[in-house]
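Notes follow the structure.
Each value in this text was obtained by applying a stated rule to the coordinates, not by laboratory testing. As the structure is a prediction and not an experimental result, all values here were calculated from the model. All Cβ positions, glycine included, derive from the backbone under ideal geometry; neighbour counts span all protein chains shown.
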Amino acid sequence: MTKVVVAGAGSIGSLLAAHLSRVADVTVLTRREEHAGALREQGLRVSGRSDFTAQVAATADPAELPLDVGLVILASKGTDLEPLAARLEGRLPGATVMTIQNGLGAEEVVAAHGAWPLLSAVTFMSGTRHGDAHVEYVLDTATWIGPYRGTTEEDARRVAELIETGGLKAEAFPDLRPAQWSKLIFNATVNGVAALTGLPHDFHFAQTEQLSDLGHLVRDLVDEGKAVAAAAGVELHDDPWEMNVLATQRGHRHFPSMLEDVGARRPTELESINGALVREADRLAVPVPLQTAVYRLVKAREASYSE
Amino acid sequence: MIGTGAVGSLFAANLSLLDDAEVWAYDLMQEHVAAINRNGLRLSGAGDIVGRPRATSDAAELPPCDFGIVATKAMHTEPAIAATAHAFADGYVATVQNGLGNEETIAQHVERVIRGTTFPAGKLLEPGHAQWDVKGDTTFGPYDERTPLAEVERLADACTRAGLPAKAVEDARGPQWRKVIFNASTNPVGALTGLTHGRVVERPDLRALVTGLVDEGKAVAAAQRIELDADPEDLIDHAARKDVAYDHKASMLQDVEAQRATEVDYLNGGLVRFGDEHGIPTPLNAAIQALVKGVEASWTQS
């Protein structure tokens, strides 16, 4: 069986680790030893759209990872990626490393810490953690995978097939950027507005009946993002506005991580999502006054934690 | 006085001490009304007085009055003036409220309206007792040609004699728009970020956002040939000084923290509406309004 390391066991990492354990030999690398201990002792329970308990190996010490790992999935939050990649530096020489963070720039962060072949991924599935050893599988949407450095579409397809066999949805693409940018614009807009308003991603985000309805702002933010993508030469895979409308029509009220982070007064993924978009806009000389305003307001909100 | 929250209480208490004025206070807060009628309306802080207005929650008790002064929050203007308009059939009604659109709402119910902007501030401490934090000037002006300046002067003179310096001018839109632009450009930024006025202003990125909001407001004012009586930017920087209002939490931030409806529709929303009418784009103010409305909507979610 393929040996897989899933590094970072938040909701996405936990969902991947549990499902892949059905078709691969999975080791979970956690940040806290206590978390690894809970996984070793209790297994990793999945509820919601899947219902099983996976037996997984787990450790918080990179030195304990198996030597002959074929695939490493880095599933930490964007804010934790740099220290995670640093902990793996010089290890797992035979592995292909896949990033799955929101926003832009994760691949570059990892590339600076080793010569591994790299795959890019974006995921649209979602889950909710109910403790260290239990994750609820909420949205069963796909994970998209594409080559980044030293890999081909064929490599991406093999990983997508592995994930599919494990019971999740995945698809390989020759170039991930169109999907990555669709999600970037979607996340910068929806997560930013959710963090500032306290609203989960619900019907308000698509509402456009009255002039001051939130949907107008969401659409204007998306339009700015599209202009940046166009200037970057990226043809979007999906229209982020339609992604927004579809998600709100499903009737499920999703709590974006940025909203939960702000509520818990934690640092958010703002820099790798909204920051990345605004910096790209700046580099390409595309005016994005509304995205800039949202970026600055969330940034300042983080600064208010110390009030 | 129609509405005796903090600002309304400052006017009602001070004016009631004039020998030549009979002051009625209309308010729906029954505990406040009862306390005023029992013990008077007490102010502490910038002035310590006990006024003796006659208070009521029943608009039918109001006698015909020479002047009305509306001091409710902007979202309560309509029901408040609809209930009390009968008392001003031969009188004049002024507003000292925040935001844009109050005069228009009042004018739908009474003939003669006075535009006003006031800077004194305070807070209600308990029923019948208000804290007077800041003294400040008030400017009144006729809303339209149905209000002669001489009547506006009569009201301003009464306020001035009562200890609330006020002047009457032909066009009172300058001070009103200066205050609206100041409030619309800073209050919601504080409300959305949780930062005090000083901390908003000292962050260069937020200060630039504030200027973006101010510039839209100035453009809307200019399109109506309104001359601001001072640059809102100067006020914003002045208020950020440690000895002025660095640590002040904008009223909208206080509203958000207490999950009370804000006046954003009358501040940023007012600028957007007047901008629309005059063909001036106000995308930042519209964005800010939508975000604050989103905050309000989040309170009714489970």
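Taking R0 as 45 Å, what's the FRET efficiency between A:Arg266 and B:Asp137 from their Cβ-Cβ distance, rounded to 0.05?
Computed FRET efficiency for A:Arg266 and B:Asp137 comes out at 0.50.
Within the range B:6-168, what percent of beta bridges assigned by DSSP are antiparallel, to the nearest 5?
The antiparallel proportion sits near 45 percent.
Can you give me the angle between helix A:177-197 and the longest principal axis of chain A, using Cα atoms only, in degrees from 0 to 90, rounded to the nearest 10?
For helix A:177-197, the angle is close to 70 degrees.
Just how large is the dipole of the protein assembly as shown about the Cα centre, in debye to the nearest 20, putting +1 at every Lys and Arg Cβ and -1 at every Asp and Glu Cβ?
Roughly 1120 debye for the protein assembly as shown.
At 7 Å along Cα-to-Cβ for each site, give me the label-to-label distance between B:Asp48 and A:Gln210 in nm.
In this crude label model, B:Asp48 to A:Gln210 measures out at 4.6 nm.
Just want the ordering: A:Val298, B:Val264, from fewest to most Cβ atoms lying within 10 Å of their own Cβ.
Ascending Cβ contact count within 10 Å gives the list A:Val298, B:Val264.
Tell me which GluC sites (Glu not before Pro) from the range A:84-177 have a DSSP coil assignment and no more than 15 other beta carbons within 10 Å of their own.
Of the GluC sites (Glu not before Pro), the ones in loops of the range A:84-177 whose Cβ has at most 15 other Cβ atoms within 10 Å are A:Glu89.
Can you tell me the FRET efficiency between A:Glu33 and A:Arg279 if r is taken as the Cβ-Cβ distance and R0 is 25 Å, rounded to the nearest 0.05?
0.10
Dipole of the protein assembly as shown (Lys/Arg Cβ +1, Asp/Glu Cβ -1, origin at the Cα centre): which of B:Leu15, A:Gly275, A:Val56 lies farthest to the positive side?
Result: A:Val56, furthest along the dipole toward the positive end.
Measuring from centroid to centroid over Cα atoms, what is the spacing of the range A:257-290 and the range B:1-57 in Å?
Answer, in whole Å: 49.
For B:Lys179, give me every one of the lysines with a C-alpha distance below 23 angstrom, ignoring sequence neighbours fewer than eight places off in its own chain.
In chain and number order, the partners are B:Lys73, B:Lys123, B:Lys135, B:Lys167, B:Lys218, B:Lys242, B:Lys249, B:Lys293.
Run through the range B:223-284 and list the trypsin sites (Lys or Arg not before Pro) located in a DSSP loop whose Cβ has at most 15 other Cβ atoms within 10 Å.
B:Arg225, B:Arg241, B:Lys242, B:Arg260
Using Cα centres only, tell me the gap between the range B:257-302 and the range A:59-110 in whole Å.
So the two Cα centres are separated by 44 Å.
Quick query: amide H of A:His254 versus all other amide H atoms, modeled in the peptide plane; which residues come in under 5 Å with a sequence gap of 5 or more or a different chain?
Correct list: A:His201.
Taking the Cα atoms of the range A:1-58, report the difference between the largest and smallest coordinate on each principal axis, in whole Å and largest first.
27, 25, 19
Rounded to the nearest 500, what is the 222 nm mean residue ellipticity of the protein assembly as shown from helices alone, with -39500 (n - 2.57) per DSSP H run of 4+ residues and division by all residues?
One gets -13500 deg cm²/dmol as the mean residue ellipticity at 222 nm.
Charges only on Cβ, +1 for Lys and Arg, -1 for Asp and Glu: so what's the dipole of chain B about the Cα centre, in debye to the nearest 20?
With only Lys, Arg, Asp and Glu charged at Cβ, the dipole is about 660 debye.
Quick one: work out the % antiparallel among DSSP beta bridges in the protein assembly as shown, nearest 5.
Bridges in the protein assembly as shown are about 40 percent antiparallel.
Please report A:Glu209, B:Glu233 as a ranked list, fewest other C-beta atoms within 10 angstrom at the top and most at the bottom.
A:Glu209, B:Glu233
Can you give the average number of partner chain beta-carbon atoms within 10 Å of each beta-carbon in peptide A:199-206, as a whole number?
3
At what distance in angstrom do the alpha carbon centres of the range B:198-232 and the range A:135-206 lie from each other?
40 Å
Please work out whether the range B:173-297 counts as rounded, prolate or oblate from its C-alpha gyration tensor, where a ≥ b ≥ c are the square roots of the eigenvalues and a/c under 1.5 means rounded, while otherwise a/b larger than b/c means prolate and anything else oblate?
Judged from the Cα gyration tensor, the range B:173-297 comes out oblate (a/c at least 1.5, b/c at or above a/b).
Please name whichever of B:Asn37, B:Cys159, B:Ser251 sits farthest to the positive end of the charge dipole of chain B, dipole taken about the Cα centre and charges placed at Cβ: Lys and Arg +1, Asp and Glu -1.
Going by the Cα projections, it comes out as B:Ser251.
Take every residue in peptide A:119-129, count the Cβ atoms of other chains within 10 Å of its Cβ, and give the average of those counts.
That average works out to 0.
With only Lys, Arg, Asp and Glu charged, each at its Cβ (+1 for the first two, -1 for the last two), find how big the charge dipole of the range B:6-168 is about the Cα centre; round to the nearest 20 debye.
Rounded to the nearest 20 debye, it is 440 debye.
Test of understanding: ordering A:Asp51, B:Asp276, A:Asp261 by Cβ neighbours within 10 Å, fewest first, what list do you get?
Ascending Cβ contact count within 10 Å gives the list A:Asp51, B:Asp276, A:Asp261.
Which trypsin sites (Lys or Arg not before Pro) in the range A:208-251 sit in a loop by DSSP (not H, G, I, E or B) and have at most 16 other Cβ atoms within 10 Å of their own Cβ?
Filter output for the range A:208-251: A:Arg250.
Note down the nm distance, to one decimal, between modelled labels 7 Å out along Cα→Cβ at B:Asp243 and at B:His278.
The two pseudo-label positions are separated by 3.6 nm.
Put +1 on the Cβ of each Lys and Arg and -1 on the Cβ of each Asp and Glu in chain B; which of B:Thr211, B:Thr262, B:Leu192 then has its Cα farthest toward the positive end of the dipole?
B:Leu192
Would you mind giving the mean number of other chain beta-carbons within 10 Å of the Cβ of each residue in B:276-289, as a whole number?
3
Per-residue counts of other Cβ atoms within 10 Å, averaged by peptide: what ranking do you get for B:83-90, B:160-167, highest first?
Per-residue mean Cβ counts within 10 Å order the peptides as B:160-167, B:83-90.
If packing is taken as the mean number of other Cβ atoms within 10 Å per residue, what is the order of A:271-281, A:6-16, highest first?
With the highest mean Cβ count within 10 Å placed first, the list reads A:6-16, A:271-281.
Can you compute the modelled spin-label distance between A:Phe203 and A:Thr152, with each label point 7 Å from Cα toward Cβ, in nm?
Placing both labels 7 Å along Cα→Cβ, they lie 5.1 nm apart.
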